[in-house]
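Peer 1: Handing you this structure, nothing more for now.
Nothing in this text is a laboratory measurement; each read-out follows from the coordinates by a stated rule. None of the values given here were measured: they were computed from a predicted structure. For neighbour counting, all protein chains shown are included, and Cβ atoms are generated from backbone atoms with ideal geometry for every residue, glycine included.
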Amino acid sequence: MAEYTAQILWTREDQPFLDQRYSRRHLLRFDGGLEVPGSSSPHSVRVPFSDPAALDPEEAFVAALSSCHMLWFLSIAAKRGFRVDGYQDSAAGTMTQNRISRVTLRPEVRFSGDLLPTREQIVEMHHAAHEECYIARSVNSDVVCEPEFVEGVV
């Protein structure tokens, strides 16, 4: 069993608070020492009470799904002998009825070497990555993968 931790820090400072006019900006601190500025989403709480430059929980949710999928994809590709040179995903989450109902992953993967995967193999590796992803298996949101294919893929 593994345990994952995060420390979330917020202080009122000199803000009145009870009138709902307080900053939602806070700090997320992770066990490795990384500190990330956090805030509510400007879609939920208007600026200046939200900070659009900070990470909001909805973005973190989408990023966690995308990152987990990518890490599994890279592992699967390496085990199958496909050399990955680059991976990028333009993931997006859709909020409906006060929940993120759908997250769409749009990974684009670049390969090199003597052994290049076919489109079908890439789709199958994405499917396998989705099945292995701890985060995707932990949520009720629909998580769909729509791979983008780069030139040179068979």
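Peer 1: Round to the nearest 10 and give me the degree value, 0 to 90, for the angle of helix 119-132's Cα axis relative to the longest principal axis of the chain.
Peer 2: Orientation of helix 119-132: about 40 degrees from the principal axis.
Peer 1: Net charge near PRO57: determine it from the other residues with C-beta under 14 Å of the C-beta of PRO57, scoring Lys and Arg +1 and Asp and Glu -1.
Peer 2: Net local charge, PRO57 excluded: -1.
Peer 1: First obtain the Kirkwood hydrodynamic radius of segment 57-145 from its Cα pairs, then insert it into the Stokes-Einstein equation at 20 °C and 1.002 mPa s, and state the resulting D in µm² per second as a whole number.
Peer 2: My calculation gives 159 µm²/s for D.
Peer 1: Tell me the net charge near SER66. Cut-off is 11 Å between Cβ atoms, SER66 excluded, with +1 for each Lys or Arg and -1 for each Asp or Glu.
Peer 2: Net of charged neighbours comes to -1.
Peer 1: By the 4.7 Å beta carbon criterion, which cysteine residues of the chain come out unpaired?
Peer 2: CYS145
Peer 1: So if we plug the beta-carbon distance of THR5 and ALA78 into 1/(1 + (r/R0)^6) with R0 = 25 Å, what FRET efficiency do we get, rounded to 0.05?
Peer 2: The formula returns an efficiency of 0.30 here.
Peer 1: Among 67-75, 3-11, 86-94, how do they line up from the highest to the lowest mean number of other beta-carbon atoms within 10 Å?
Peer 2: 67-75, 86-94, 3-11
Peer 1: Which stretch or stretches of segment 47-72 have amide N atoms under 18 Å from the point lying 7 Å from PHE17's Cα along the Cα→Cβ direction?
Peer 2: Residues 49-50 qualify, since their backbone N sits under 18 Å from the label point.
Peer 1: Above 28 angstrom, tally the Cα pairs of the chain and express them as a % of all pairs, no decimals.
Peer 2: 35 percent
Peer 1: Taking Cα pairs under 8 Å and at least six residues apart, what relative contact order does segment 1-55 come out at, in percent?
Peer 2: After rounding, I find 29 percent.
Peer 1: What is the Cα radius of gyration of segment 1-55 over 2.2 N^0.38 Å, N being its residue count?
Peer 2: Compactness ratio reported: 1.31.
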